[in-house]
Amino acid sequence: HQFAIVKDEKDGLTVSYKESSRLVEEAKERDIQMQHKLQAVEQQVQLLRERDQENLKKQRLADAAVDSMKQQMLELCRSDTLSKSREQHDRDLAVMKEQHE
């Protein structure tokens, strides 16, 4: 009688051990899958950081180009104003010369 009880307990422990082993293996597999997913996400994050840095550089270059163009426009406007002033001055001088002749 005791032998049957001990055998049943042994069989129960064997089943529990096998089930526990299966659960441990499944957990290991899930862990490996999660590690792979984590590595993939880390690679994506790194790629996005690199792209962000590239975009920041491009933005800085574009901002510098815009600033340069603004400066050139200001200089052109000043130059145009000076040219118009010279033309007006030359006309005024021509009129004054005519009046004195």
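The values are calculated or read from the model by the stated rules, or taken from the named source; none is laboratory data. Only a predicted model underlies this, so the values are computations on that prediction, with no experimental measurement involved. Every residue, glycine as well, gets a Cβ built from its backbone with ideal geometry; the counts of neighbours run over all protein chains shown.
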Query raised in the report: For the range 1-43, which residues satisfy the criterion of being among the polar types (S, T, N, Q), more than 49 Å from the chain's Cα centre (by Cα) and surrounded by 10 or more Cβ atoms within 10 Å (Cβ to Cβ)?
Result: T14, S16
Requested in this report: Select from the range 44-101 the residues that are among the acidic types (D, E) and either in contact with a strand residue (DSSP E or B) (Cβ under 6 Å, 6 or more places away or on another chain) or at pLDDT 95 or above (or both) and list them in ascending order.
Outcome: E50, D52, E54, D63, D67
